[in-house]
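Below is one structure, written out as structure tokens; the observations come after it.
The values are calculated or read from the model by the stated rules, or taken from the named source; none is laboratory data. All values reported here derive from a predicted model rather than from experimental measurement. We place every Cβ from the backbone using ideal geometry, glycine too, and count neighbours over all the protein chains shown. Quick note on the areas: whole protein, heavy atoms, side chains included, nothing else; ligands and nucleic acids left out. Shrake-Rupley method; radii C 1.70, N 1.55, O 1.52, S 1.80 Å.
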Amino acid sequence: MSPVFPMLTVLSMFYYMCLRRRARTASRGEMNSRRAIESNTRALPINVEIVQYAKEVLDFSSHYGSENSMSYTMWNLAGIPNVYPSSGDFTQTAVFRTYGTWWDHCPSARLPFRRTPPTFCSQDYVELAFEEPVYPTAVHILETYHPGAVVRILACSANPYSQNPPAEVRWEILWSEAPTKVNGPQARQFTPCIKQINFPTNLIRLEVNSSLLDYYTELDAVVLHGVKERPVLSLKTSMIDMNDIDEDEDEEKYGCGMDNVNKQFSIVALREWPTNGYFDKLPYELIQLILSHLTVPDLCRLAQTCKLLYQHCCDPLQYIHLSLQPYWARINDTSLEYLQSRCTLIQWLNLSWTGNRGAISVSGFSRFLKVCGSELVRLELSCGHFLNETCLEVITEMCPNLQELNLSSCDKIPPQAFNHIAKVGSLKRLILYRTKVEQTALLNILNFCSELQHLSLGSCVMIEDYDLIASMMGAKCKKLRSLDLWRCKNITESGIAELASGCQLLEELDLGWCPTLQSSTGCFTNLARKLPNLQKLFLTANRSVCDTDIEELAANCTRLRQLDILGTRMVSPASLRKLLESCKDLSLLDVSFCSQIDNRVVLELNANFPHVFIKKSFTQ
């Protein structure tokens, strides 16, 4: 046969792959205008495009604002824009809890999980419901301050307003990209080129990574464009970007594309090989070390190659540390069941963001911990809305060695359930941010968990008397190193005095947005004198902080690294100079909205102390 025909066959296959690729996903990079226009003209038949703002905020991982307010909360993402196209720091926007890398360089910072896939970089999320399910054609995100945090946009097949929940909930990635540094904090409309999906959706999820930002990102609104009828791809060939030819399957490997994960966990038949080649000559430990660099899906795939590698990939020593958070969209009861035999020695487990909308049941979670909980030291369950009192009871019974428990934003757990945590006397870290823990349960926990070193009670609105809580901490938690009381509503100088006297090892203290603390009572000078080891102190939005407090910090807390005094009217440039001269390790100083610290002063301080990031926010 003529050599021309095989070449034509190859070209035909290449052409087919290109069309298939174009149908499956859009380019990951920025498309030029010509490609963008062509992609919009490929859909047949022509449908009337529906444009809608978010109707409701369904779920989110964190926000800067209070649970009892609208300022800086995720709920501001519902409805039409409040601020856009203006730029600046506005209370009517949605703001996440953290930015930059400052939270990774403080005493409360947690060690990362190994095997986290490089393409998963999400730190926070928000889920938005829209009125009409549509096939998305565009998503516009209105960013009004320090844009660039959005790294992933997803669509869900479940209709949050349907009376009949679907048998299967699917998530598809519409767009994904690594964090990028955006020059300047000005407002913008972010419209990435999204992938075409084969189901209508009215549930959109944004995932963000703020690590490259110089300040908090602020989002104003999200606009969903779409059509009611499913678009059909035209056979007309458009321009092909050669970058699209490379079959980059990262989404399938690391994101929501673990469609066959349960099949990968379960091996039915393995190939028989007469020899395993050079693997027969390698020590068992060396093969284990090599495989320890693989992600969980890759381990599951490799286990299907031969019996030798199956044995290595199923060895419980490969699952000492296991993070399933990157695969939250595909983890369910079946996944946990298949993992049970591999996780009998597990010590660190991350199930954050998993199990929602019925994916993980109470019984499935309980069965897993009964088999795999005996060696657990660290358990991450952030935003686990399937958790209830039974789950907490199982955790305390099945995990006798537990030292770290993260229940951040688990706002569906009933208040009385937190009493069970008191049974885990070995706890060293407890994160209860945005939970419904009540005062009686918390007092019980503090009384019996005297080994606590890190405690987060930020935005816990059901605690009635924080002075009583602080007094119990001072009496029982002598080893406390970090304490987050962000937005606690009623702590006074009395509680601060008890805390400072009893917890003198404190290195990190967040008293941001605590309105009942007044500098005139001497509470801040008392802190500075009693806590010489302080490295991080947030006094955000306390307008009473004055020069005396800053000078006491300069004299007594020379190890200070991070200080937030946003909003104070009483601090002068002279006291800040004393602080910067005394605290040689200071790296973050937030003086936003400090009336005596203007831009000229900030420029001068930056020139004299270039190693310090001095933040001065603004509003236009």
Suppose we filter Leu563, Leu511, Leu517 for residues that are touching a strand residue (DSSP E or B) at 6+ places or on another chain (Cβ under 7 Å), closer than 17 Å to Ser494 by Cα and outside the structural domain of Thr91 (by the TED database); which single one remains? Leu511
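Suppose we filter Val182, Val134 for residues that are of a type in the set (Val, Ile, Thr) and either without any contact (Cβ under 8 Å) to a residue 12 or more places away in the chain or part of a strand (DSSP E or B) (or both); which single one remains?
Val134
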Filter pass, Leu566 being at pLDDT 95 or above and out of contact with any Gly (no Cβ under 9 Å at 6 or more places or on another chain): no
Go through region 92-118 and give me each residue that's assigned to a loop (DSSP other than H, G, I, E, B) and either of a type in the set (Lys, Arg) or crowded, with 19+ Cβ neighbours inside 10 Å (or both). Thr93, Phe96, Arg97, Tyr99, Ser108, Arg110, Arg114, Arg115
For region 564-619, what are the residues that are part of a loop (DSSP other than H, G, I, E, B) and among the β-branched types (Val, Ile, Thr)? Ile565, Thr568, Val571, Val591, Ile597, Val612
In region 531-553, the residues that are closer than 19 Å to Thr91 by Cα, open to solvent by 10 Å² or more (accessible area, probe 1.4 Å) and within 26 Å of the chain's Cα centre (by Cα): Ala541
Could you check how many residues of region 292-317 are part of a helix (DSSP H, G or I) and either modelled with pLDDT under 95 or open to solvent by less than 10 Å² (accessible area, probe 1.4 Å) (or both)? 14
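So that you can scan it fast, the table gives a plain yes or no per residue for (1) free of Cβ contacts under 8 Å to residues at least 60 places away in the same chain; (2) of a type in the set (Lys, Arg); (3) touching a helix residue (DSSP H, G or I) at 6+ places or on another chain (Cβ under 8 Å); (4) open to solvent by less than 40 Å² (accessible area, probe 1.4 Å):
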{"residue": "Ala555", "(1), (2), (3), (4)": "yes, no, yes, no"}
{"residue": "Thr558", "(1), (2), (3), (4)": "yes, no, yes, no"}
{"residue": "Leu563", "(1), (2), (3), (4)": "yes, no, yes, yes"}
{"residue": "Met570", "(1), (2), (3), (4)": "yes, no, yes, no"}
{"residue": "Ser575", "(1), (2), (3), (4)": "yes, no, yes, yes"}
{"residue": "Glu581", "(1), (2), (3), (4)": "yes, no, yes, no"}
{"residue": "Asp590", "(1), (2), (3), (4)": "yes, no, no, yes"}
{"residue": "Val601", "(1), (2), (3), (4)": "yes, no, yes, yes"}
{"residue": "Val612", "(1), (2), (3), (4)": "yes, no, yes, yes"}
Do we find that Pro133 is closer than 22 Å to Lys228 by Cβ, open to solvent by less than 50 Å² (accessible area, probe 1.4 Å), modelled with pLDDT of 95 or more and in contact with a strand residue (DSSP E or B) (Cβ under 8 Å, 6 or more places away or on another chain) in this structure? yes
